[in-house]
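Visitor: The structure follows.
The values are calculated or read from the model by the stated rules, or taken from the named source; none is laboratory data. All values derive from a computational prediction rather than experimental measurement. Don't worry about glycine lacking a Cβ; one is built from the backbone with ideal geometry, like all the others, and counts go over all protein chains shown.
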Amino acid sequence: MTRKKRKIALHWQIIIGLALGLGYSLLATIQGWVEFTNDWISPWGTIFINSLKLIAVPLVLVSLIVGIASMNNVRTLGKIGGKSIVIYLFTTVIAISIGLGMVNLVQPGKFMSEDTRGRLVEKYADKSKEKMEVAQETKDSGPLQPLIDFVPSNIFYSASDNRNMLQIIFFAVMFGVAMVLLPENKSGPTRKFFESVNEIILKIVDLIMYYAPIGVFALLAGVLVKVSEGDISFALEILAGLGVYSLTVIAGLAIMIFVVYPILVGRFGKVKFSTFLKAISPAQLLAFSTSSSAATLPVTMERVEEELGVSKKVSSFVLPLGATINMDGTSLYQAVAAVFIAQSFNIDLTLTDQLAILLTATLASIGSAAVPGAGLVMLTIVLGLFPEIPIEGIGLVFAVDRILDMCRTTVNVTGDATVATIVARSEGELNLTNEQTEQL
């Protein structure tokens, strides 16, 4: 009798690819394999990200239309949307507060030497200037520009860029609401069409995930090579100057994942955190390797629906919305980075100044989705609150931004899944076994 081979779970395949990629990246940095890695390894990672981004807009559009069309009335949509936005803002405020608490406790800016500070600012001066120009354009656009950007003038143009996800959501909501308001005999055929297309798209996601371990390996293989640019001595200098800052950000993000979200999932979602973590771990690992909530969205939706039992009605609306306006990890990072830069230049920020950071970072998290390079651009806007801080100081954090971006995107995606679980529980749209449910 032949024994059936056990298939390695997806999250273990991704972890293996991640570990091998990081190992290769370290070796490539030491050996100076910069050109080979950039030419022959990293492109496979880009192909993987592109394939995920390719399916993101169709998935959001179709699944959202299907989810809204399944609702009995428009009032249900408003209720789900209102709950989602309130909880997203609540977790963002918590994240920023944790970031401010950590950076004031550790004071990482005091560990930055003047020589390292000068070299980093000079090295990344051009990139800093680019972000400052984009930030200035954002500030000059007017207070209601985010509202204008929310409504598309051309849905086909909006669908051509994943940064326009809010516009896709707007169109899908309008389309779905119109289907709900029409009688069944008129909207029924269209509903069946989108349901069929939705199943096809989900199958495409499954096919893409077969490539995930290779894609993750290729993405991680070039991380240290890009950060250090093949200069191992500069990499060590970065580690010495920015190590405490990086650990402060990572510690704050870890508190969100292992303290805040478990409390929220257990208390309000009534789900065991071990069950929750096991369900979304492939999405977390993809978020870590791609640094993109939008690229990870197809996998997040699939895992939340299939492994956590969140209904399509909830996941198809809450998760795309979260991928665009929920930036817990990014907001926490902005708080730490802003105070770190001030500390590096020996500038003390008062409690009022830090409350201003909290408010600005919270509002920025909502509008950041439509801005290229959202995290650093929003950081530039936050720093603009304080004329005494040299805006060029943003160059201090460029060197480690890629690695921290991986970590904060993981928090963003975990936050999305947390809110989807809580909203689904409150709406009676969460289907879990008794073993998976938290006994409270």
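Visitor: Kindly indicate whether LYS53 is closer than 17 Å to THR324 by Cβ, in a helix (DSSP H, G or I) and not small (Gly, Ala, Ser).
Guide: In short, yes.
Visitor: Being within 17 Å of the chain's Cα centre (by Cα) and under 30 Å from TYR210 (Cα atoms) is the filter here, so list the residues in segment 60-92 that pass it.
Guide: Listed by number, the list holds a single entry, VAL60.
Visitor: Identify all residues within segment 428-440 that are modelled with pLDDT of 80 or more and either closer than 23 Å to LEU100 by Cβ or surrounded by fewer than 17 Cβ atoms within 10 Å (Cβ to Cβ) (or both); write none if there are none.
Guide: GLY428, ASN431
Visitor: Using the structure shown, decide if ASP401 is modelled with pLDDT of 80 or more, acidic (Asp, Glu) and under 17 Å from ILE85 (Cα atoms).
Guide: In short, no.
Visitor: Another question, if that's okay. Can you tell me which residues in segment 145-157 are at pLDDT 90 or above and in a helix (DSSP H, G or I)?
Guide: Within segment 145-157, ILE155, PHE156, TYR157 meet the criteria.
Visitor: Within segment 363-377, does at least one residue satisfy the condition of being buried (at least 20 other Cβ atoms within 10 Å of the Cβ), in a helix (DSSP H, G or I) and modelled with pLDDT of 80 or more?
Guide: Looking through segment 363-377, none of the residues is buried (at least 20 other Cβ atoms within 10 Å of the Cβ), in a helix (DSSP H, G or I) and modelled with pLDDT of 80 or more.
Visitor: Shifting gears a bit: Looking at segment 95-120, which of its residues are closer than 22 Å to THR418 by Cβ and buried (at least 21 other Cβ atoms within 10 Å of the Cβ)?
Guide: ALA95, ILE96, ILE98, GLY99, LEU100, MET102
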